[in-house]
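> Have a look at the structure that comes next, please.
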Amino acid sequence: MHVIVGAGSVGGAVALELAGSGEHVTLVTRSGGGPAHPLVRRVAADAGDADALARIAQGAAVIYNCANPQYFEWPTAWPPMHNAMLRAAREHGAVLAITAPLYGYGHVDRPMTEDMPLAAKTVKGRVRAQMWLDALASGVRTVEVRSSDWIGPKFSLISAALPAMRRGKTVWVPAPVDVPHSYTYTGDAARTLVALARDPRAWGRAWHTPSPPATTARRLLTRVAELAGLPAPTLRVYPKTVLRAAGLWDRFAKEFVEVRYQHDRPFVVDSSRVTSEFGLTATPLDDAIRETLKHA
């Protein structure tokens, strides 16, 4: 039995990946939602309640951390959830498989590899770095799979831009659109998480999800338009001053300012290690876009 905390793009995909191979899954969310499947049991619970999660996880072989609190909640929401998952994994002898962003590296000046130090100075970067350090120190069998910004049907650049693109309107984006940037398909993150959670060779280490070659936001959205049969998008970038002003009343804008550095200069992930050691490869970009368009 597998326990998945969170039913977003990755959590839902992990659930279907496991159920599709005949595995029993318990999917934990506050609402009790998630994909419907005969082998997926959906449970409404607070993942930060350590006693409740320990009861739910009884008999689990793997606990998958696919939760994604709102940016502004990270300093307060992540510690109790992470600690609850660590406790449940320790009590039941389960593997803890963690979905993570690349924020822990902080400002970078070269393609990111898994051996780079977790040198982030931002609030969100330090939260995520500490989670991994705590997992390593816990004695729990654990693995962390790190991904860049999503290509997927839910919270992603594509899903945010499509409504305006479909209406032929200008797409306003919060960061530069002509800087090389890596994007990761949510389906690849799910498959990588499942594969590495099963393989003892991966435990105790962090890995990058196989990701296609870096592109730019402009090239990505232009290709989305071509595959969707839409006109080439007109893109405009919100200046930093506008974002900072918007942050006075919009929580996402306020929090995004902290991580905009990832878009101001090249932000490129090197995922060659997981390919060379486990044979995992990225879904071709066009295929990832087509899958996204089916559900976005």
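The values are calculated or read from the model by the stated rules, or taken from the named source; none is laboratory data. Model, not experiment: these values are computed from the prediction. Cβ placement follows ideal geometry from the backbone for every residue including glycine, while neighbour counts extend to all protein chains displayed.
> Of the residues VAL177, VAL140, which is modelled with pLDDT of 95 or more, closer than 24 Å to PRO284 by Cα and over 18 Å from the mean Cα position of the chain (by Cα)? Before you say what the answer is, go through the steps one by one.
Numbers: VAL140 fails: closer than 24 Å to PRO284 by Cα.
Answer to the check: VAL177.
> For region 231-259, give me each residue that is assigned to a helix (DSSP H, G or I) and touching a Phe, Trp or Tyr at 6+ places or on another chain (Cβ under 6 Å).
ARG251, GLU255
> Tell me, yes or no, whether region 40-47 has at least one residue that is closer than 22 Å to LEU193 by Cα and part of a loop (DSSP other than H, G, I, E, B). Please lay out each step first, then the result.
As a first pass, look at region 40-47 and keep what is closer than 22 Å to LEU193 by Cα: 40-43, 47.
The next check asks that each one be part of a loop (DSSP other than H, G, I, E, B); those that pass are 47.
Among the residues of region 40-47, at least one is closer than 22 Å to LEU193 by Cα and part of a loop (DSSP other than H, G, I, E, B), which makes the answer yes.
> Please specify each residue of region 46-81 satisfying the condition of being over 21 Å from the mean Cα position of the chain (by Cα) and either surrounded by 15 or more Cβ atoms within 10 Å (Cβ to Cβ) or closer than 11 Å to VAL5 by Cβ (or both).
Initial filter on region 46-81 (over 21 Å from the mean Cα position of the chain (by Cα)): 49-61.
Across region 46-81, the qualifying residues are ALA50, ALA52, LEU53, ALA54, ILE56, ALA57, ALA60, ALA61.
> Considering ARG201, ARG218, which residue is basic (Lys, Arg), under 25 Å from ILE98 (Cβ atoms), at pLDDT 95 or above and assigned to a helix (DSSP H, G or I)? Spell out how you get there, then give the answer.
On the way: ARG218 fails: under 25 Å from ILE98 (Cβ atoms).
ARG201 is the lone residue from the list that is basic (Lys, Arg), under 25 Å from ILE98 (Cβ atoms), at pLDDT 95 or above and assigned to a helix (DSSP H, G or I).
> Somewhere in region 38-55, is a residue closer than 26 Å to HIS208 by Cα and out of contact with any Ser or Thr (no Cβ under 9 Å at 6 or more places or on another chain)?
No, every residue in region 38-55 fails to be closer than 26 Å to HIS208 by Cα and out of contact with any Ser or Thr (no Cβ under 9 Å at 6 or more places or on another chain).
> Return the total of residues in region 276-296 being part of a helix (DSSP H, G or I), touching a residue at least 40 places away in the same chain (Cβ under 8 Å) and surrounded by fewer than 14 Cβ atoms within 10 Å (Cβ to Cβ). Lay out the reasoning, then the answer.
Within region 276-296, the first condition is being part of a helix (DSSP H, G or I), and the residues that meet it are 276-278, 285-295.
Going one step further and asking which of them are touching a residue at least 40 places away in the same chain (Cβ under 8 Å), we end up with 277-278, 285-286, 288-295.
After this cut, where a residue has to be surrounded by fewer than 14 Cβ atoms within 10 Å (Cβ to Cβ) as well, the list is 286, 294-295.
Summing the residues that are part of a helix (DSSP H, G or I), touching a residue at least 40 places away in the same chain (Cβ under 8 Å) and surrounded by fewer than 14 Cβ atoms within 10 Å (Cβ to Cβ) in region 276-296 gives 3.
> Quick one: would you say ALA97 is small (Gly, Ala, Ser), under 27 Å from ILE289 (Cα atoms), at pLDDT 95 or above and in contact with a strand residue (DSSP E or B) (Cβ under 9 Å, 6 or more places away or on another chain)?
Values: small (Gly, Ala, Ser): yes; under 27 Å from ILE289 (Cα atoms): yes; at pLDDT 95 or above: yes; in contact with a strand residue (DSSP E or B) (Cβ under 9 Å, 6 or more places away or on another chain): yes.
So ALA97 passes the test.
> Can you give me the number of residues within region 76-119 that are in contact with a helix residue (DSSP H, G or I) (Cβ under 6 Å, 6 or more places away or on another chain) and free of Cβ contacts under 8 Å to residues at least 60 places away in the same chain?
Qualifying residue count for the region: 10.
> Could you say whether any residue in region 180-192 is in a helix (DSSP H, G or I) and surrounded by fewer than 15 Cβ atoms within 10 Å (Cβ to Cβ)?
There is no residue in region 180-192 that is in a helix (DSSP H, G or I) and surrounded by fewer than 15 Cβ atoms within 10 Å (Cβ to Cβ).
> In region 123-164, how many are buried (at least 19 other Cβ atoms within 10 Å of the Cβ), among the hydroxyl-bearing types (Ser, Thr, Tyr) and either under 30 Å from LEU221 (Cβ atoms) or touching a Cys at 6+ places or on another chain (Cβ under 8 Å) (or both)?
3
> Just for region 1-39: of the residues that are assigned to a strand (DSSP E or B) and not hydroxyl-bearing (Ser, Thr, Tyr), which one is surrounded by the most Cβ atoms within 10 Å (Cβ to Cβ)?
Taking region 1-39 first, the residues assigned to a strand (DSSP E or B) are 2-5, 25-29.
Next, from what is left, pick out any that are not hydroxyl-bearing (Ser, Thr, Tyr): 2-5, 25, 27-28.
On the way: HIS2: 26, VAL3: 28, ILE4: 30, VAL5: 27, VAL25: 24, LEU27: 27, VAL28: 28.
Here the answer is ILE4.
> Give me the residue from region 82-109 that is closer than 27 Å to GLN262 by Cα and β-branched (Val, Ile, Thr) and, out of that set, surrounded by the most Cβ atoms within 10 Å (Cβ to Cβ). Steps first, answer last, please.
In the first step, residues of region 82-109 are kept if they are closer than 27 Å to GLN262 by Cα; the result is 82, 97-109.
If we keep only those that are β-branched (Val, Ile, Thr) too, we end up with 98-99, 108.
Details: ILE98: 23, THR99: 27, VAL108: 19.
Out of the qualifying residues, it is THR99.
> May I ask you to say which residue of LEU230, LEU235 is in contact with a Gly (Cβ under 9 Å, 6 or more places away or on another chain) and farther than 26 Å from ARG146 by Cβ?
On the way: LEU235 fails: in contact with a Gly (Cβ under 9 Å, 6 or more places away or on another chain).
Going through LEU230, LEU235 in turn, just one is in contact with a Gly (Cβ under 9 Å, 6 or more places away or on another chain) and farther than 26 Å from ARG146 by Cβ: LEU230.
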